Every structure is written in C-alpha cells, then in structure tokens.
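**Student:** This structure is in structure tokens; I'll ask about it shortly.
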Amino acid sequence: MASSIDRRTDQFCAWIRLNCLLICALTALPLSAAAQDQNAAPPPPAVTVAIIEERNFQEAETFSGRIEAIQSVDLIARVQGYLSARHFEEGAFVEKGQPLYTLDQDIYRNTVHQAEAALAVAQATETLAQQKFDRQEELTRRDVQSRALLEEAQANLAVSQANVAAAQSQVEAARINLAYTEISAPISGLIGRSAVATGDLISPQSGPMATLVQFDPIYASFPVPQRSMIDFRKRGARNEDVFVSLTLADGSVYPHHGVITFTDVSAASSSDAVIVRATVPNPDNLLINNGLVDVHLVANADSRALALPAQALLLDQQGAYVLVVDGDDRVQAQRVEVGTQRAGYLEVKDGLEAGARVIVEGIQKARPGNRVTVSLVNTDN
C-alpha cells in the first residue's frame, strides 16, 4: 500500500516538472524574438536633398546710402511785412506757382501809387521841356534868340527825360516789392512745417518760412569703394548697364528701380570711396529727404551658374562644405567654394557638379559614410 502511494507521488511530481518546463519554454520563445528584434539594425535616417542645377545670378553689391531731394527750397521773404495769410496745409503737395503766403500789401500798394504819380509828374515835365526846346530851336533857327537859350532848353529836356526814366524805375521797383508780398511755390513738391504764423512780422532776416522739397523723382547717393568701382569697370559695366534697387529702413524692398545719373570725378581722401548718385522714381513719396537706405548696385545682364540652396551650406575650421548623397545613398562631405547670394541660393564656384544631390533637411541626422533615405525637395528654377 505504501509503495503504491509513493509511486503515485513520483508520477505527480514528474507531471509538475514537465508542466514547468513547458511553461518556461513557451515563455522564452517571445523573449527570444524580442531580443532578435532589438538586435536588428535601425532603418537609415530620412533626409531631403536638392539637385544642383543652373540658375540666373546677377552681379550685385550692397552699399549704405542716403536719400537726397533733387531740389530743396527754403522759402524766405524778400520784403518786410506782417503775414496776413497762409494758403497751404503743412505736409501737402503744392504745384509750381501756387500761392503759399501773403504779406500785408497796403504799404506796398500805396508805394506803387506814389511811384506812378511821380512818374506822371515826370512825364508832364518832360512834355513841357520838349515843347520849350522845340520853340527855342525854331527861334534860334530864325536868329530871333541866342543859341545859349536853346542849349539851356536842351539841357532841361535831357534832365526831364532822365527824371522820367528814374520815375519808371521807381514804379517797377514798387511793383516788384508788391509782387514779393505774394510768396508762391518755385517748384512742385511737398511743403514742410510752417515756421511762421499769421500776424508775425516777417523780413528777409527772419529765416526760412518753410521748406519745399521735390520728391519725385529723388536721388539716392552712396559711396562706392574704388575696389568695387574698378571691378565693375573691368567687367565692362557702364552706368546704363546697371540698375539700383533699394531696401528701406523697415527691411522691405522698394518697388521701383533707379538708374545711375552721376559718378563723382574724384575719391574722398579719407575713405577712398567715390560718390555715386542714382535717380529713383518716388510716386508714392515713400522715400524722404535725408533718409537712410541700403543701395543694391545690380548688373542688368543675367549670368547663369550652378546654384546651391543657402541652407545646405555648412562651415567648419577648414571652410565651407556640404553633405552630398552618392549613388549608393551614402553621405559624403564635399568642400565647396561659393560666391554671390541671390534669392536664397549661392553661386557655386567650385566643388560641385550639376546633378549632385545635396542635403538641405535632416542634416543633423546624416553622418558621412552612412546610408540615408532620400526624398527630393521641390526647387523652381
């Protein structure tokens, strides 16, 4: 009886051990598969590439410039008087010949009347002197009167004629002074703040009453180093072969181009630069006198060159380089030499050929010698 119980106990223990082994084996299978998955190589990192191809590049250089009005006129009174009226709004556009100020005219109008009256007296005196001279001439011709009286009459006539001329000059001067009481715009342009008010006593010594500036067109003047000037001339660029574009103080690009109309004949001794001036349309008055701008001197002729997206360029202690993807989708570091930048692209002078694939996105994930997964960026030429 005891041996039968022992035998059953041994069978039960064997059954327990078998089940434990089966459970351990089944548990080890997924763990082994997971370990194999963990040891598998990760997929290549994804990068975006651009194809190197030709684009149009224009020769351009940038200089600091200043806006200058073609004409700027300080309005100064030419006669003295009290200001009786102002005929413009400050900051408004005025036409040439438009009345701007009027001084009190009573005194000057009265002076004109006095001068005209004095002229009338002088003319009457001349008429009388002419009549006397004619009589004396007739009497002398008939030997009725001495020649001395004729000479006296002739002298009186000359004096009266001179008095008439002087009186006419006085009338003209009085009329001119009266006209000076009306101050009109000598040019068309924008007028600034008025420095005088109605009722002020104005004279030539009072200084400018206001400033009138011609804004359209307008000048952009900028110093060009002789190095740049020589470079442009070596390329055969004449003034008519280049145009000027401007960047305003807020960073926006001015919508109108200018042309060079003046180049100074000598360089400044302190800076070795030549002053160049361009004439620029200013129909909307965006450019103001003495304003600062960036002036871009651009050659009209387009030149084609291989173009590298600017974001692909990398720098280290040895210089500029890019990461290119070869035919096996492996990353290679390539040294490059670049030139002019235009619209987000750099001119490739050396180091790359047309059709090369350069990494523009995912650069931080790419390592030279490693494979990558490539996608192509859209580039409009």
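**Student:** Taking amide H positions as placed in the peptide plane 1.01 Å from N, state which residues far from F262 in sequence (5 or more) or on other chains have amide H under 5 Å from it.
**Tutor:** So F262 has HN proximity to R277.
**Student:** Hey, another quick one. List H113, H256, H296 from most exposed to least, where exposure is judged by having the fewest other Cβ atoms within 10 Å.
**Tutor:** H113, H256, H296
**Student:** Now for a different question. Might you report the magnitude of the Cβ-based charge dipole of the stretch 187-322 about its Cα centre, with Lys and Arg at +1 and Asp and Glu at -1, to the nearest 20 debye?
**Tutor:** So the magnitude is around 320 debye.
**Student:** Spin-label point model (7 Å from Cα, Cβ direction): what's the S303 to Q318 distance in nm?
**Tutor:** Between S303 and Q318, the label points sit 2.8 nm apart.
**Student:** Using all C-alpha to C-alpha distances in the stretch 237-381, build P(r) with 5 Å bins and read off the rounded percent in each one.
**Tutor:** Each 5 Å bin holds this share of Cα pairs: 2, 7, 14, 14, 13, 11, 11, 10, 8, 6, 4, 1, 0.
**Student:** Here's another thing I want to ask about it. Taking a temperature of 10 °C and a viscosity of 1.306 mPa s, what whole-number D in µm²/s does Stokes-Einstein yield for the stretch 128-214 with Rh from Kirkwood over alpha carbon pairs?
**Tutor:** 89 µm²/s
**Student:** What order do you get for S269, S252 when you list them from fewest to most C-beta neighbours inside 10 Å?
**Tutor:** Ranking S269, S252 by Cβ neighbours within 10 Å, fewest first, gives S269, S252.
Any read-out appearing in this document is the output of simple, stated calculations on the displayed coordinates, not a laboratory observation. Model, not experiment: these values are computed from the prediction. Using ideal geometry, Cβ is built from the backbone for each residue, glycine included, and neighbour counts are taken over all protein chains shown.
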